Amino acid sequence: MRERIPVVVQGRRARRPAVVRVLWTGAELAVTLGVVLLLLVVHQLWWTNRQAQEAARDQVDRLERQWAAGPPSPGASPAPGGEAADGAWAAGRSPSPGAPGHRAAVYPPPRVDLAYAVLRIPRLGLTVPVAEGVGKAAVLNRGYVGHYPHSAQPGEPGNVALAGHRNTHGEPFRHLDRLRTGDTVVLDTARARSTYTVRRILPRTTPGDGTVLAAVPYSGVHPSYRFTAPGSYLTLTTCTPAYTSAYRLVVWGVLRSTQAR
């Protein structure tokens, strides 16, 4: 008698209802999008900070080594634009006083986007390079503090105006709101160390309040915040509140002393 082999016939798998398929696809897309957004946040808040802070530290070390080595020898060829290759100012040399052709030393302005100074704020534990200009890609996003063109240079009469990121890309001004009147701010260049004392703090003003950068600074939005006499000022600006760019935080200092190198 033959043995019959049973045959199993599988039925067709029931398809999910359309609404379930739509929900499932939407959930997958949401998870994927969430992962992408998380990676972007990590990149902005961690990786850009790490890269910029390391680059800024390297630049500070480079400037300090060059300053410690002293000015270039008289026969050295100047870098393009009359500046040293490391970003320091190149001082124009002139004959000694009383000699024919004597004139005061000339200090050409720093080249745009070039780091040439170091900002130190002891209360914040901050040491960061300063570059000429406030462009994001070339200066601020590198973790540097930017010097507003046409504002005074460190130690000079007028207003030395600086800007820096509060969040991401090194965020040198992350804790600028912790400064208090009487705090010390130092600006080092190849020529001198200029020490400022914080005098006034404007917690919040509009991005268009450009008079805070004036030679005699004041706020056109908040008139009670002002200086009235010419002097040697320092202005530090950054975005506020944290993680937004809706307003600007402004810190003003007054020159206390300048010590030549």
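Looking only at region 227-261, which residues have a backbone nitrogen under 14 Å from a spot 7 Å from the Cα of Thr206 in the C-beta direction?
Counting backbone N atoms under 14 Å from the label point, the list is 246-248.
For Lys136 paired with Arg123, estimate the spin-label separation in nm (one decimal), with each label point 7 Å from Cα along the Cα-to-Cβ line.
It is 2.9 nm.
What full-extension length gain, to one decimal in nm, is calculated for Val216 and Gln51 as 0.36 nm per residue of separation minus the Cα-Cα distance?
55.8 nm
Using the basic label-point model (7 angstrom from Cα toward the beta carbon), what is the Ala27 to Arg180 distance in nanometres?
Distance between label points: 5.4 nm.
Please provide three numbers in whole Å: the alpha-carbon extents of region 155-238 along the principal axes, with the largest listed first.
Each principal axis gives a Cα extent; for region 155-238 these are 35, 34, 22 Å.
So, counting K/R as plus one and D/E as minus one, what does the shell of residues with Cβ under 11 Å around Thr127 add up to?
With Lys, Arg at +1 and Asp, Glu at -1, the neighbours total -1.
Among 112-120, 196-204, how do they line up by average Cβ neighbours within 10 Å per residue, starting with the highest?
Highest-to-lowest ranking by the protection proxy: 112-120, 196-204.
Counting only the backbone N, which residues of region 153-174 are under 19 Å from the spot 7 Å out from the Cα of Arg199 toward its beta-carbon?
153-163
Each value in this text was obtained by applying a stated rule to the coordinates, not by laboratory testing. Just so it is clear, the model here is predicted, and its values are computed rather than measured. Here Cβ is always computed from backbone atoms with ideal geometry, including for glycine, and neighbour counts include all displayed protein chains.
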